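Accompanying notes for the structure given below.
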Amino acid sequence: MFRRLDAAATELSARTVRVTVDGAVLACREGDSLAAALLAGGSNACRDTAVSGSPRGPFCMMGVCYDCLVTIDGRANQQACMTPVREGMVVGRQSGAREVAA
Amino acid sequence: MVSATTPAVFDVVVIGGGLVGSAIAYGLRDSAEHVAVLDEGDVALRASRGNFGLVWVQSKGMGMGDYGRWTLGSTRLWPRLAAQLLELTGVDVALEQNGGMIPLLGDLEVEARVAWMQRLLAQPGMAPYPWKLLDHHEAAELVPGLGPEVTGAIWTPVDGTVNPLKLLRALHIAFDRTGIRYLPHHGVQSIAQRGGEFVLATAKAKVRARKIVLASGLHNQVLGEQVGLHLPMAPQRGQILVLERTRRLLTTPFVTLRQNDEGSWLIGDSQEDAGYADDVVTLPVLATLADRAVRTLPALKEVRVVRSWSALRVRAQDGFPVYEQSATHPGAFIATCHSGVTLAAAHALRLAPMIGEGVLARELDPFSTRRFHVQKT
Ligand SMILES: Cc1cc2nc3c(=O)[nH]c(=O)nc-3n(C[C@H](O)[C@H](O)[C@H](O)COP(=O)(O)OP(=O)(O)OC[C@H]3O[C@@H](n4cnc5c(N)ncnc54)[C@H](O)[C@@H]3O)c2cc1C
Ligand code: FES
């Protein structure tokens, strides 16, 4: 489980933003990336890989590893680390590869 | 470093550990006991890490029917190579030979391409294979979501794809399993032949061999000169866009658009068929690639690009492969081509045994460098 750095304490005054993660409400800090919020909220894994189905969670936190993919407001393959939390966001665990509508 | 267990003289040393050198070295394991592959480090130009992964027939051989035949022969050997590699290394290289298509946008493209195919297959030396002009509806049966702008497609059952990175990996695992020595950071600086033996000087060691194979990609021109083989090269850049992984949708590849075994989409242009911008690297090229791909399959509008790259094609001046044994330095062979994925099976299962024997079959005569040099007497 990840814990926040003390140095970030000043940030604690930030407003709370509520998102729904797999149906449960998660209170996040305004300005957090969704990936940081998921880790701080205790979910280390947010998707299953397209190839082997093994669980993955945010790893690089900077947009290159693609291990933080989630479904946001119905859109699959969104990088949680590159997405700031927004009030009312609906987030879902992504299982496998997204589908392309043909 | 060459270790103590290394023989004083290798039977064959292959210079270059890309797809061409690796396929040949792998294929030599039955006919030579001590084989080594000398390779450069990561600084090298390496088409084998930047290609599109087609095992492709329908655009090969215009101007040289023998090349078309050699290519078709390789694709027929491919299932055997893939099965061997799976058994030996456990790596499934994801060979798919479900046929392949060239998309045609508009009547002009249809007319031009049909005429081109007829000319191609009428050449002497070509081996025939079935092909068909599919209309929009026939093509749409193979490609769910085909764009309305696609007037038709040329289809052949002989085309296919492989995962090129898995192929390179499988060949290198095969080296380990079969005792082929792979020596990276052993860029060959000079080649000398003394008393029927070659001495290859690298920055790390001098390596001795009874036979050598030049498979150093774009470096073959320089090394060739040292063994009396004059090979004019003409590198050519190619670009590729990679889109995020999605569930599998496209199982019949287009020459410029495919979805690989693990779901990534590749958009690119295959060298022979580049009717547009095939030797420049500019944003307009990527834009053109993307535009054509989206017109072919509109659903791709929603799929994100995750990276793009360009790589240099290894290519002799006229675009055809080069295979030859040096007349001045017998025992020195050269192999260069710009479709090292497609031809990997021919290199492993046909060319390598010939090198093992020490004689290239007559069938390979058209691929010698003699074609570049006008006779002066
Ligand atoms: C964008 C693009 C798309 C392509 N698409 C396809 C395709 O769809 N299908 C297909 O069949 N082909 C395709 N190709 C072509 C294919 O990738 C090449 O034909 C093939 O990779 C060439 O392999 P190679 O081993 O000759 O060259 P390289 O991969 O360049 O390998 C040469 C090796 O030699 C080594 N070397 C160089 N100099 C020395 C030295 N002095 N001593 C020791 N080692 C040395 C280098 O380290 C390197 O590892 C494509 C190429 C490009 C660029
Ligand atoms: S955590 Fe690596 S891309 Fe998001």
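Quick note: the coordinates plus some simple rules give every number you see, no bench work behind them. Since we're looking at a predicted model, the values are computed, not measured. Cβ atoms come from the backbone with ideal geometry, glycine included; neighbour counts cover every protein chain shown.
What is the order of B:132, B:206, B:166, B:60, fewest Cβ neighbours within 10 Å to most? Each step should come with its number before you reach the end.
Working: B:132 15, B:206 11, B:166 20, B:60 27.
Fewest-to-most ranking of B:132, B:206, B:166, B:60: B:206, B:132, B:166, B:60.
Let me know the volume per residue of the alpha-carbon convex hull for segment B:205-359, in Å³.
Working: hull volume 23.2 nm³, N = 155.
Enclosed volume per residue, from the Cα hull, is 150 Å³.
Would you work out if segment B:62-158 is rounded, prolate or oblate? Take a ≥ b ≥ c from the square roots of the eigenvalues of the alpha-carbon gyration tensor; rounded if a/c is under 1.5, else prolate when a/b is larger than b/c, oblate otherwise.
Numbers: a/c = 3.47, a/b = 1.34, b/c = 2.58.
It comes out oblate by the Cα gyration axes.
How many nm is it between the label spots at residue B:87 and residue B:121, if each spot is 7 Å from the Cα in line with the beta carbon?
Going by the 7 Å Cα→Cβ label model, 3.4 nm.
Have a look at segment B:17-84 and give its Rg and Dmax from the Cα atoms, expressed in angstrom.
Here Rg and the maximum Cα pair distance are 14.5, 39 Å.
Restricting to chain B, compute how many DSSP beta bridges are antiparallel as a %, nearest 5.
Numbers: 43 of 59 bridges.
Here the antiparallel bridges make up roughly 75 percent for chain B.
Straight-line reach from residue B:166: which lysines fall under 30 Å, measuring Cα to Cα and dropping same-chain residues less than 8 apart?
Within reach: B:60, B:204, B:211, B:301.
Could you compute the FRET efficiency for residue B:112 and residue B:165, with r as their C-beta to C-beta distance and R0 at 25 Å, rounded to 0.05? Before the final figure, lay out the partial values.
Details: r = 34 Å, r/R0 = 1.36.
Computed FRET efficiency for residue B:112 and residue B:165 comes out at 0.15.
Evaluate the distance, in nm, between pseudo-label points positioned 7 Å from the Cα of residue B:327 and of residue A:93 along their respective Cα→Cβ axes.
Roughly 7.1 nm, to one decimal.
Within segment B:230-263, which residues have the backbone N less than 18 Å from the label spot 7 Å out from residue B:283 along Cα→beta-carbon, could you tell me?
So the set is B:239-242.
What share of all Cα pairs of chain A, in percent, falls into each consecutive 10 Å distance bin?
Computed distribution, short to long bins: 16, 49, 28, 6, 1.
For segment B:316-363, just say rounded, prolate or oblate: build the C-alpha gyration tensor, square-root its eigenvalues into a ≥ b ≥ c, call rounded for a/c under 1.5, and beyond that prolate if a/b exceeds b/c, oblate if not. Please list the in-between numbers first.
On the way: a/c = 2.34, a/b = 1.25, b/c = 1.87.
Note, shape of segment B:316-363 comes out oblate.
Counting other C-beta atoms within 10 Å, which of B:262, B:357 has the fewest, and how do the rest follow?
B:357, B:262
Using a basic spin-label model with each label point 7 Å from the Cα along Cα→Cβ, how many nm lie between residue B:6 and residue B:176?
1.9
Fewest first, what order do B:291, B:11, A:67 take by the number of other Cβ atoms within 10 Å? Intermediate results must be reported in sequence, preceding the final value.
Working: B:291 12, B:11 16, A:67 20.
Listing B:291, B:11, A:67 from fewest to most nearby Cβ atoms yields B:291, B:11, A:67.
Please work out the C-alpha center-to-center distance from segment B:332-370 to segment B:84-161 and express it in whole Å.
26
Once every DSSP H run of n ≥ 4 in the protein assembly as shown is given -39500 (n - 2.57) and the sum is divided by its residues, what mean residue ellipticity at 222 nm do you get, rounded to the nearest 500 deg cm²/dmol? Working shown, then result.
Working: 9 runs with 104 residues, N = 479.
That calculation yields -6500 deg cm²/dmol at 222 nm.
What does the extension gain come out to for residue B:237 and residue B:357, with contour length at 0.36 nm per residue minus their alpha carbon separation?
Working: separation 120, 0.36 × 120 = 43.20 nm, distance 3.54 nm.
Length gained, residue B:237 through residue B:357: 39.7 nm.
What do you get for Rg/Rh of the protein assembly as shown when both radii come from the Cα atoms and Rh is the Kirkwood radius? Write out the running numbers ahead of the final one.
On the way: Rg = 25.8 Å, Rh = 24.7 Å.
For the protein assembly as shown, the value is 1.04.
P(r) for chain B: what percent of alpha-carbon pairs falls in each 20 Å bin, starting at zero?
Taking all Cα pairs of chain B, the binned fractions are 29, 56, 15, 0 percent.
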